[in-house]
Amino acid sequence: MNHIVGYQLIAHHQSSIVLNYKIYCAALSISLITSSILLLSGCSPKGPLPKHESVLRALTEKRYEAAINKLDTLIAHQPDSMQHYMLRGYAHDKLQNYEAGIADFTTAIQLDSSSATAYNNRGYAYYLSDQPQLAEQDYTRAIRLDSTFSPTYGNRTLLYVSIGQYKQAVQDIDRALVLGDTLNSTYYNLKGYSELQLDHPTLAVRALTKAVRLHSNYTDALSNLVRARRSLSDSIRIK
């Protein structure tokens, strides 16, 4: 399986279909930088951030090495700041330095073991580094800590799809949708693809149609929808 770091995953499955899971508003990966900014600064992202402004600018401009260097200095002065480790772990993941990212998220967890976000982020780093069992363990811990945090269900869905556990994938994506993320075309594409693998063409067509309605140029959803409609037509003809 090939990974593109960031908010995408390209997975090759037995069907030879290539799924490009573009993340809607970063919902399925490392928690939004702006969320970390809020926790880090205690103010709105639109407000002044004199102390951390250069770090945040480096992250938003994708200058991850520069951000890491700045965070190294901040951590040296504030070694108990969980959010510094969270941000540095994020930057390491973007550079594919997964072991370093995992180490930072582990430190963040040690500083606050009640943080579902920290477990979610470490789980995603494990996932990117092809450690699915550890990723699943962290996602499950995150859900136990906060069963309403929909990005973790989305992340665990990606994991389940990548290892062919489509029934579990559908359960997780359905939960994410119940939690309110109903404008995410990626979720519907994941659900449709998983339903298709489970030989549920009617449910697959329904989900993939929603994905295409939300994102009319979603190439992979369109391709999956063609396959789902063909499968549905074949099943009707056989009956």
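The values are calculated or read from the model by the stated rules, or taken from the named source; none is laboratory data. The model shown is predicted, which means the values in this text are computed figures rather than measured ones. Ideal geometry is used to build each Cβ from the backbone, glycine not excepted, and the neighbour counts take in all protein chains shown.
Figure legend. Inter-residue proximity from the stretch 118-130: first residues more than 13 Å from ARG156 (Cβ to Cβ), second residues surrounded by fewer than 24 Cβ atoms within 10 Å (Cβ to Cβ) and acidic (Asp, Glu), beta-carbon distance below 7 Å, spacing 6+ or different chains. Indicated pairs: ALA118/ASP112. Mind checking whether some residue in the stretch 44-53 is modelled with pLDDT of 95 or more and more than 18 Å from the chain's Cα centre (by Cα)? Among the residues of the stretch 44-53, not one is modelled with pLDDT of 95 or more and more than 18 Å from the chain's Cα centre (by Cα), which makes the answer no. State yes or no: is ALA76 free of Cβ contacts under 8 Å to residues at least 12 places away in the same chain and either surrounded by 21 or more Cβ atoms within 10 Å (Cβ to Cβ) or not assigned by TED's automatic domain parsing to the domain that holds THR186 (or both)? Here the answer is yes, as ALA76 does meet what is asked. Residues that are surrounded by 12 or more Cβ atoms within 10 Å (Cβ to Cβ), in the same structural domain as ARG175 (by TED's automatic domain parsing), modelled with pLDDT under 95 and assigned to a helix (DSSP H, G or I) do occur in the stretch 12-24. Candidates are the residues of the stretch 115-156 that are of a type in the set (D, E, K, R) and crowded, with 17+ Cβ neighbours inside 10 Å; the one that is farthest from ASP93 (Cα to Cα) is ARG141.
Only helices (runs of 4 or more DSSP H) whose full extent lies in the stretch 77-190 are considered here, and the ones with at least 2 residues that are over 26 Å from LEU59 (Cα atoms) and at pLDDT 95 or above are 132-145, 150-162, 166-178. Considered as a group, the residues in the stretch 65-110 that are of a type in the set (Gly, Ala, Ser) and more than 19 Å from LEU128 (Cα to Cα) include one that is nearest to the chain's Cα centre (by Cα), and that residue is ALA67.
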